[in-house]
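Peer 1: The structure's right below; bear with me while I get my questions together.
Read the figures in this text as sums done on the coordinates, not as results from a lab. None of these values were measured; they are calculated from a predicted model. All Cβ positions, even for glycine, are placed from backbone atoms using ideal geometry, and neighbour counts span all protein chains on display.
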Amino acid sequence: MSGTSSLKFWLREMPRVFTCLFSVALTQACAPTRVTVAPVRPPAAASKPQPALVCTYTYGGESQRLSVPPTRDPYRVRAQNVEDRFEFKVVYLAAPAEVASVSVYTYSPGPDAPILIHEAKYGLPCTNHGRHGFTGLQLLYDPRGREFEYYCEWLER
């Protein structure tokens, strides 16, 4: 075999040799692998709609409701400014199941950046417990003594 034909032989045969070497069944001859693809079926319709996550917060005697949609990227969720006194952020991760949770963050404005004064995390599934949802009524105070309260609950759609 000349040098050129030897090189052509190796270039042609090497992929097949490596496929055989790393094949699970070393005793079988190398043959093209068949891949069977099952048809993708749409998910079955849910028997009832999923409940909506709603948080109610109060500052200065005024209450607001915040509807919280599920997200896959918690870093894109923005905090809700509450009269330049607090920032309230709720992150609802519905999937993947290993990290499904509701996280609540409350900040107080700081000289350079907001200061975290409260953080709570609830694993899913969590259920409502009375009139203040699954969090219970939370009363928070900033360094100046201003009060902020909130609770989060699941509401049927």
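Peer 1: Please give the length that would be gained between Asp73 and Arg146 if that part of the chain were fully extended, namely 0.36 nm times their separation in residues minus their C-alpha to C-alpha distance (nm, one decimal). Let's see the in-between values first.
Peer 2: Details: separation 73, 0.36 × 73 = 26.28 nm, distance 3.11 nm.
Gain on stretching Asp73 to Arg146: 23.2 nm.
Peer 1: Take the alpha carbon gyration tensor of segment 52-155, find the square roots of its eigenvalues, order them as a ≥ b ≥ c, and report rounded if a/c is under 1.5; if not, report prolate when a/b exceeds b/c, else oblate. Working shown, then result.
Peer 2: Numbers: a/c = 2.05, a/b = 1.37, b/c = 1.50.
It is oblate, given that a/c is not under 1.5 and a/b is not larger than b/c.
Peer 1: Something else now. Fewest first, what order do Ser108, Ser63, Ser103 take by the number of other Cβ atoms within 10 Å?
Peer 2: Details: Ser108 19, Ser63 11, Ser103 15.
Going from least to most buried by this count: Ser63, Ser103, Ser108.
Peer 1: Let me know the charge dipole size of segment 63-157 about its Cα centre in debye, to the nearest 20, where only the beta-carbon of Lys, Arg (+1) and Asp, Glu (-1) is charged.
Peer 2: Computed charge dipole of segment 63-157: roughly 180 debye.
Peer 1: Using 0.36 nm per residue, how much length does the chain from Glu119 to Arg65 gain when fully extended, once their Cα-Cα distance is taken away? Don't skip to the end; give the middle numbers.
Peer 2: Values: separation 54, 0.36 × 54 = 19.44 nm, distance 1.90 nm.
Result for the pair: 17.5 nm of gain on full extension.
Peer 1: Sort Cys152, Cys55, Cys126 by Cβ crowding within 10 Å, fewest neighbours at the top.
Peer 2: On the way: Cys152 25, Cys55 22, Cys126 15.
Least crowded to most crowded, the residues run Cys126, Cys55, Cys152.
Peer 1: Tally Lys/Arg at +1 and Asp/Glu at -1 over every other residue whose Cβ is under 13 Å from the Cβ of Glu62; what's the total?
Peer 2: -1
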